[in-house]
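Novice: Quick one: the structure is below, questions incoming.
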Amino acid sequence: MKYKKRFFLPPAESFDWVKKEGVTEPPIWCSVDLRDGNQALVIPMSLEEKIEFFDMLVKIGFKEIEIGFPAASETEFSFCRTLIDKNLIPDDVTVQVLTQARDHIIRRTFEAIDGMKNVIVHLYNSTSVAQREQVFRKSREEITAIAVDGAKLALEEKQKFEKPGVNIRFEYSPESFTGTEPEFALEVCNAVIDVINPTPDNKLIINLPVTVEESMPHIYACQVEYMSKNLKNREAVTVSLHPHNDRGTGVADSELGLLAGAERIEGTLFGNGERTGNVDIVTLAMNMYSQGVTTGLDFSNLPELAEKYCRLTRMNINERQPYSGALVFAAFSGSHQDAIAKGMKYREENPDSFWNVPYLSVDPHDIGREYDADVIRINSQSGRGGVGYILSTNFGYNIPTEMRDTVGKLMKDWSDKGHRELRADEVLRIFNNTFVNKKTYFDITEVHYVQMDGKKAKVKLKKSDNFDLIDGKLAEIVVSAGMNTPRGKTIIMREAVGNGRLDAVSQAVKDALKIDYTLTAYTEHALTKGSSSLAAAYVCIERGGVQYWGVGVLPDIIDASVAALVSAVNNSLSE
Ligand code: KIV
Ligand code: ZN
């Protein structure tokens, strides 16, 4: 057997985190995009790109930002200096710099931050069994000494560099914490606490990295709770988490770790970072937001942030990435679309209710997404609800319930044939071409109504030259390109009586075309989108046992209803 469990349970059982329902307070957020994120890029960011990224992080609301490992390279060093020398760090933002617990690296790091107002010097060394045995070949005592000596030197340097108006704080990470025996990690951290001697006014951050995910999240929660409860001088310590995502549970590690007593999170936007990435702060923060926690981070324009992130890092965001992926709100399925459309209507009617729309964990508008473009999407899985929603919200067509099946099936077939999704404008085009103001075989060019007991209509019909009916059946359609048609347009005049205007026109049409059908449905409304002076009318006829729909869209409602009838009859003649 090649594998066995590589994690260590704490010596004392402690499960307080299990009893908590959820996170109720936001943690202190620290972005490590410009360090852990940047060091994992195929092409690391340039100085200008880093500055643009830094500005974006500030705008989102991060108050702690790890900007790099200044002693590691000239680029990192000069980015740090540029932020200071060009005065690019707002007073309420603390910059964090990473350093290994090695003398020359600590000294160089302090040179890099000289003049910075608020800074966290982040000291680390590896403490895991694997690193101790294979990489450093050092005992526990020797590993502890690295941390302690590093902390001592860092403290000395702080005394040299700190001056009025400069606030230098410390963070210590037992790197590879999850591969370290918890009691040993505690020993090292407590030794560092003894050296730094933090106070509640100037706390030491003890960061517990999931450098590599080695266990299920509940194990990490137990480890964090053990540390949180047993660290010395706890009121002067901030417990911080730094989960990576090797098992795909970085978010769960963070959430359970917060329940277990942590107060701070280090992560990146969209989960960039070494290997499978650091924990995605967008997901984490939005998960809290969706439970009613005010996070202090502004993701109200997430698509814009995502676009900038992709441009600057040259990374992509997966379509299914929670909250930020292109498809994460999309409903293609008919029943989902129907439920969402009804949920949205319910919200319109109950604007003060808590968010509980089916299939949508948060309101897409809250993160800058659009219902039309992002939520209701039409493909061969879609149903009448979604199509109705698109036609209604985008174009103002309130298509009658009885017509929805026909329209839904029409769009489904189009999408199926093309093997692709239909955009909203394509849905409209297909709807228009199929139903609206159709004059394929005939049109009514004039109608004169006379008010009687019933309504009388004198109708002037114009049949197009590809129209010829024998006994109500289309006998010949002349459409060949370039051929002259044998007949010209035929004008027919008819008078008829009906129990309403539309009925009278319908009688005249039947008589003129020598066909029979039953008018089965009629509705109308003003078109609220686009030109508000238009009316839309919907007519259904039944001919030969089949239903045919037509829609009329014209400024006058009577004209629109006649156009709807003409469309429906023309559709029946196409069969
Ligand atoms: O993942 C990790 O352990 C780190 C440390 C340097 C905190 O990035
Ligand atoms: Zn890391």
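Novice: Which entries of K5/K203; K439/K514; K86/K163; K2/K229; K438/K510; K409/K438 show an alpha-carbon separation above 26 angstrom in the structure shown?
Specialist: K5/K203; K2/K229, as the Cα separations exceed 26 Å there.
Novice: Take peptides 172-182, 540-550 and line them up by average Cβ neighbours within 10 Å, highest first, as a rough protection proxy.
Specialist: Per-residue mean Cβ counts within 10 Å order the peptides as 172-182, 540-550.
Novice: Add -39500 (n - 2.57) for each DSSP H run of 4 or more in the chain, then divide by its residues: what number comes out at 222 nm, to the nearest 500 deg cm²/dmol?
Specialist: That calculation yields -11500 deg cm²/dmol at 222 nm.
Novice: Roughly what % of DSSP beta bridges within the chain run antiparallel, to the nearest 5?
Specialist: Around 50 percent of the beta bridges assigned by DSSP in the chain are antiparallel ones.
Novice: Heavy atoms only, probe 1.4 Å: what % of the accessible area of the chain goes to carbon and sulfur, would you let me know?
Specialist: After summing per-atom areas, the C and S share lands at 50 percent.
Novice: Also, quick follow-up: Measure nothing fancy, just the Cα-based angle from helix 501-513's long axis to the longest principal axis of the chain, in degrees from 0 to 90, nearest 10.
Specialist: Once rounded, one gets 70 degrees.
Novice: What does the C-alpha gyration tensor say about the overall shape of segment 16-313? Classify as rounded when a/c is under 1.5, otherwise prolate if a/b is larger than b/c, or oblate.
Specialist: Here segment 16-313 falls in the rounded category.
Novice: Pairs of alpha-carbon atoms within less than 8 angstrom and 6+ residues apart define the contacts here; what relative contact order does the chain have, in percent?
Specialist: Result for the chain is 10 percent.
Novice: Just to confirm the number: angle between the C-alpha axis of helix 334-349 and the first principal axis of the chain, 0 to 90 degrees, nearest 10?
Specialist: For 334-349 against the chain, the angle is about 80 degrees.
Novice: Across 10 Å bins from 0, what is the distribution of all Cα-Cα pair distances for the chain, in whole percents?
Specialist: Pairs per bin, as whole percents: 3, 15, 19, 16, 11, 9, 9, 8, 6, 3, 1.
Novice: Quickly rank 156-162, 85-91 as a protection proxy: mean count of other C-beta atoms within 10 Å, highest first.
Specialist: Output ranking for 156-162, 85-91: 156-162, 85-91.
Novice: Tell me the angle of helix 47-60 to the major Cα principal axis of the chain, expressed in degrees between 0 and 90 and rounded to the nearest ten.
Specialist: It is inclined by approximately 80 degrees.
Novice: Can I ask one more? When ligands, DNA and RNA are left out and all protein chains stay put, how many square angstrom of accessible area per residue does the chain have with a 1.4 Å probe?
Specialist: 46 Å²
Novice: Which of the peptides 277-287, 138-148 is most tightly packed, and how do the rest follow, going by the mean number of other Cβ atoms within 10 Å of each residue?
Specialist: Packing proxy ranking, top to bottom: 277-287, 138-148.
Novice: In square angstrom, rounded to the nearest 10, how much accessible surface does V251 have for a 1.4 Å probe?
Specialist: My reading of the accessible area for V251 is about 40 Å².
Novice: Measure out, as a whole number of angstrom, how far apart the alpha-carbon centroids of segment 175-248 and segment 308-387 sit.
Specialist: 38 Å
Novice: Enter the Cα centre distance for the pair segment 65-81 and segment 1-47, rounded to the nearest angstrom.
Specialist: Segment 65-81 and segment 1-47 have Cα centres spaced 23 Å from each other.
The values are calculated or read from the model by the stated rules, or taken from the named source; none is laboratory data. These figures come from a predicted structure and were not determined experimentally. So basically every Cβ, Gly included, is an ideal-geometry build from the backbone, and we count neighbours across all protein chains shown. Only protein heavy atoms, including side chains, enter the accessible area calculation; ligands, DNA and RNA are left aside. Shrake-Rupley method; radii C 1.70, N 1.55, O 1.52, S 1.80 Å.
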